[in-house]
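Visitor: Have a look at the structure that comes next, please.
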Amino acid sequence: MAVASVERELEALPFVREAVVTGVEVAGYDGRVGLAVLVAEPDFDVAGLAALTERLPRSAWPRFVRLVAELNRTASLKLKRSSFASDGVDPALVGSELWALVEGRYRRLDAQTYRDIVSGKLRL
């Protein structure tokens, strides 16, 4: 599924103002894993992302979600996807709120959960 389609589905949710989807490298996983970077409304509730399971195929579900105050853009206002991809999802390196889709639900991504994902103890 195209990234733009996933972004449209995210932006259709009432608590998401803007969304950008990109892939990040995660140790223990081949290729890239989906990351949704969101500018959220004040009433954002990560549990509301469960609606995506009804709208998107499993392969298109973002495995990671990151909240930011604004999306990085170029001088010509194009989204800077690569900046979010290069930041990765290690909570020790990323200074914003992160969640991971683990065991069918989004849960807060802290240092221990991240280590468990990278070691294979938890699977996305």
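Please treat every number below as a calculation from the coordinates, not as lab data. What you see is a predicted model; the values in this text were computed from it and never measured. Backbone-built Cβ (ideal geometry, glycine too); neighbour counts: all protein chains shown.
Visitor: Checking Ala60 against (1) more than 13 Å from the chain's Cα centre (by Cα); (2) closer than 18 Å to Leu124 by Cα, only one condition comes out false. Which one?
Guide: If we test Ala60 against (1) more than 13 Å from the chain's Cα centre (by Cα); (2) closer than 18 Å to Leu124 by Cα, just (1) comes out false.
Visitor: Out of curiosity, is Ser119 out of contact with any Phe, Trp or Tyr (no Cβ under 7 Å at 6 or more places or on another chain) and either closer than 23 Å to Glu41 by Cα or free of Cβ contacts under 8 Å to residues at least 24 places away in the same chain (or both)?
Guide: Considered against the rule, which asks whether it is out of contact with any Phe, Trp or Tyr (no Cβ under 7 Å at 6 or more places or on another chain) and either closer than 23 Å to Glu41 by Cα or free of Cβ contacts under 8 Å to residues at least 24 places away in the same chain (or both), Ser119 comes out as no.
Visitor: Another one. How many residues does the stretch 7-42 hold that are touching a Lys or Arg at 6+ places or on another chain (Cβ under 6 Å) and part of a helix (DSSP H, G or I)?
Guide: 1
Visitor: Checking Ala51 against (1) more than 14 Å from the chain's Cα centre (by Cα); (2) within 14 Å of Arg105 (Cβ to Cβ); (3) not in a helix (DSSP H, G or I): exactly one of these is not met. Which one?
Guide: (3)
Visitor: Output the residue which, of all residues in the stretch 91-123 that are crowded, with 16+ Cβ neighbours inside 10 Å and under 12 Å from the mean Cα position of the chain (by Cα), is nearest to Trp61 (Cα to Cα).
Guide: Leu101
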